[in-house]
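Data first, discussion second: the structure below is written as structure tokens.
FYI, it's all coordinate maths here, none of it is from the lab. Treat the numbers as computed from the prediction; the structure is a model and nothing was measured. Backbone-built Cβ (ideal geometry, glycine too); neighbour counts: all protein chains shown.
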Amino acid sequence: MSEVTEILITCDKDVVTARQQGRAAALRTGFSVSDATLIATAISELARNIVNYASQGSVTLKPVRGPSGAAGLTIIAADRGPGIIDVRQALRDGYSTSGGLGLGLPGVKRLMDEFDVASTAGLGTTVTVTKWRN
């Protein structure tokens with residue numbers, strides 16, 4: 001499997017870099033072009049949340065193998081921002097604190113096979129997602 005890649009996220013340019021590197025990592029892991037695009041979209045949403053809510057954080061791309069030997073890609077988006085007060089509400093379609101469409105986290109959850117959010121008010125948020133190759 002390929003090596004782990006960490007991208008520092010501080011501005012819009014970093015969002016683009018994370019998206020491009022994520023797409024490339026997905027293709028190297030053997031995902032189809034369409035799945036690689038879905039993975040890149042999820043990374044873009046996660047990285048944009050870092051820029052919008054935390055100012056700084058990181059996106060880590062980690063090729064993984066499942067228990068059955070299936071190849072996958074885990075993405076960890078982490079920041080030390082204000083945290084998410086109500087994670088359950090943030091995962092509802094249409095909920096937004098920024099005036100947007102509220103599709104970010106719920107959309108990421110739909111695009112990926114595994115999804116986990118750990119957030120503490122005042123300490124930051126870590127979103128860990130994995131997509132498995134079919």
Worksheet entry | Sorted by Cβ density within 10 Å, fewest first, the residues ARG23, ARG92 | ARG92, ARG23
Worksheet entry | Relative compactness, the chain, computed as alpha-carbon Rg over 2.2 N^0.38 Å | 0.99
Practice prompt. Only Cα pairs under 8 Å and at least 6 apart count here; give the relative contact order of the chain as a rounded whole percent.
Written response: 25
Worksheet item: How much length is gained if the chain between LEU8 and VAL33 is pulled fully straight, taking 0.36 nm per residue apart and subtracting their Cα-Cα distance, in nm to one decimal?
Response: 6.5 nm
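What net charge do the residues around ARG48 carry, taking every other residue with its C-beta under 11 Å from that of ARG48, with Lys and Arg at +1 and Asp and Glu at -1? Provide the component values of the computation, followed by the final result.
Details: positive: ARG19; negative: ASP12, ASP14, GLU45.
Taking every other residue near ARG48 into account, the sum is -2.
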